[in-house]
Amino acid sequence: MSDPPQDRLEFWIRFVCAFLFFGFIAALGVVRVIDSWGLLTGIAVWAAVSFAISFYAAKVGDEAWHSLIRFFRWWP
């Protein structure tokens, strides 16, 4: 099921699931650099990254999950 979402409900379900998953991952990354960036910058970066990735995953469909996980995977 790698087709883009067909209706609004499917779009929002995909958006929320992606936001929960990648929002948590982005929060872990921001927590590591919060001391050097500051709180407001960290929150802004977290929000921008979380919304952008979630919108991408919701718009493109299931193939976005595969490409995003390949992008973020650091082990060979």
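The values are calculated or read from the model by the stated rules, or taken from the named source; none is laboratory data. Here the structure is a predicted model, which is why all the values come from computation and not from measurement. We place every Cβ from the backbone using ideal geometry, glycine too, and count neighbours over all the protein chains shown. Side chains included, ligands, DNA and RNA excluded: accessible areas come from the protein's heavy atoms. Shrake-Rupley method; radii C 1.70, N 1.55, O 1.52, S 1.80 Å.
Could you say which residue among Trp37, Trp65 is within 14 Å of Ala27 (Cα to Cα) and touching a helix residue (DSSP H, G or I) at 6+ places or on another chain (Cβ under 9 Å)?
Answer to the selection: Trp37.
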Leading residue by the ranking (surrounded by the most Cβ atoms within 10 Å (Cβ to Cβ)) among those in the range 17-27 that are free of Cβ contacts under 8 Å to residues at least 12 places away in the same chain and under 15 Å from Ala47 (Cβ atoms):
Leu20
Can you tell me which residue in the range 42-76 is nearest to Glu10 (Cα to Cα), limited to those that are open to solvent by 70 Å² or more (accessible area, probe 1.4 Å) and of a type outside the set (Phe, Trp, Tyr)?
Lys59
All positions within the range 1-10 that are touching a helix residue (DSSP H, G or I) at 6+ places or on another chain (Cβ under 7 Å) and either modelled with pLDDT of 90 or more or among the polar types (S, T, N, Q) (or both)
Ser2
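For Gly42, are the conditions met, namely being at positive phi and not aliphatic (A, V, I, L, M)?
Working: at positive phi: no; not aliphatic (A, V, I, L, M): yes.
For Gly42, the condition - at positive phi and not aliphatic (A, V, I, L, M) - is not met.
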